[in-house]
Amino acid sequence: MSVSPMPLAVRVIRAEHDALAAMLRTLPLLLDAHRRASALPDFGALRAMLFYVDEFPERLHHRKESELLFPKLRARAPALRDTLDDLEGDHAQGERSIRELQHSLLAWEQMGEPRREKFEHQLQLYSARYLRHMRREETEVLPRAAAVFDADDWAELDEAFGSHQDPLAPRPGQAVDEAYAPLRQRILAALPAPLGWGPALPTI
């Protein structure tokens, strides 16, 4: 029996989730390594990472979920209403939270060590919320979509999610948009291997 290929929209969503989750899990480890070495982080690289989160997951990825994926599910799976309401609330809060995180990073850079703890605490909260949000989408939303959507639904979603190029999650054979190539290089150069191109973090 042949198995239907996973829709492009689902592959894009999962790939973008994986790239963002890896970065969010690595950032606290990177900051801890700098703390133990009594060294400051590369603030420019941290700004680039937060800009990426604001530019792609928050504004583009979430918008397509809120405008296309979630309304289709509301129409076909009414039992998911409360879950979708929660996820929409996360989307609304996300843009505010990333701006607050960017401000806290700037405060640490400009005001020094007394502002480090606030940034690290906000980063921890933001990352935990975002990881939980993505896990709910993958365990509650996407399986239900697979059960209730038809070919026309997936064609529309595939076109929407396949139309953009996430610089940290390019599809095989897809070139990174030249405008975002420097951003991708800046982020990957700062992240430790195997996620990025930097030296691996020392094991404790």
Compute for segment 8-165: radius of gyration divided by Kirkwood radius, i.e. Rg/Rh, restricted to C-alpha atoms, rounded to two decimals. 1.04
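Just check segment 1-69 against the gyration tensor rule for me: Cα atoms, a ≥ b ≥ c as the square roots of the eigenvalues, rounded for a/c under 1.5, and otherwise prolate or oblate depending on whether a/b exceeds b/c.
Values: a/c = 4.76, a/b = 2.04, b/c = 2.33.
Since a/c reaches 1.5 but b/c is at least a/b, the shape of segment 1-69 is classed as oblate.
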Amide H within-cut-off set for GLY198, under 5 Å, with H built and near neighbours excluded: LEU191, ALA193
Over segment 8-165, calculate the relative contact order: mean separation of alpha carbon pairs under 8 Å at least 6 apart, over the residue count, as a percent. 41
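Using just the helices of the chain, give the 222 nm mean residue ellipticity in deg cm²/dmol: DSSP H runs with n ≥ 4 each add -39,500 (n - 2.57), and the total is spread over all residues, rounded to 500.
Per the formula, -20500 deg cm²/dmol.
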Between segment 166-204 and segment 33-68, how many Å separate their Cα centres? 12
Tilt, helix 8-36 to longest principal axis of the chain (alpha-carbon atoms), in degrees rounded to tens, equals 20
HN-Hα couplings for segment 96-107 via Karplus (6.51, -1.76, 1.60; θ = phi - 60°), in whole Hz with x for Gly/Pro, come out as 5, 5, 5, 5, 5, 5, 4, 5, 5, 5, 4, 4
In degrees, nearest 10, the alpha-carbon axis of helix 181-190 is tilted away from the dominant principal axis of the alpha carbons of the chain by 60
In degrees, nearest 10, range 0 to 90: what is the angle between the Cα axis of helix 116-136 and the longest Cα principal axis of the chain? 20
Cα-based shape type of segment 130-177, given that a ≥ b ≥ c are square roots of the gyration tensor eigenvalues and the cut on a/c is 1.5: oblate
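Charges only on Cβ, +1 for Lys and Arg, -1 for Asp and Glu: so what's the dipole of the chain about the Cα centre, in debye to the nearest 20?
Values: 26 positive and 32 negative charges, 125 e Å.
That gives the chain a dipole magnitude of about 600 debye.
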Among HIS61, ALA37, GLY162, pick out the residue whose Cα is farthest towards the positive end of the charge dipole of the chain, where Lys and Arg carry +1 and Asp and Glu carry -1 on C-beta, about the Cα centre. ALA37
From the phi angles alone, apply the Karplus equation (6.51, -1.76, 1.60; θ = phi - 60°) to segment 37-54 and give each ³J(HN,Hα) in whole Hz, x where the residue is Gly or Pro. 8, 6, 10, 7, x, 7, 4, x, 5, 5, 4, 4, 5, 5, 4, 4, 4, 5
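All of the numbers you see were taken from the coordinates with simple rules; none came from a lab. Keep in mind the model is a prediction, meaning the values are calculated, not measured. Cβ coordinates were reconstructed from backbone atoms using ideal geometry, including for glycine residues, and neighbour counts include every protein chain displayed.
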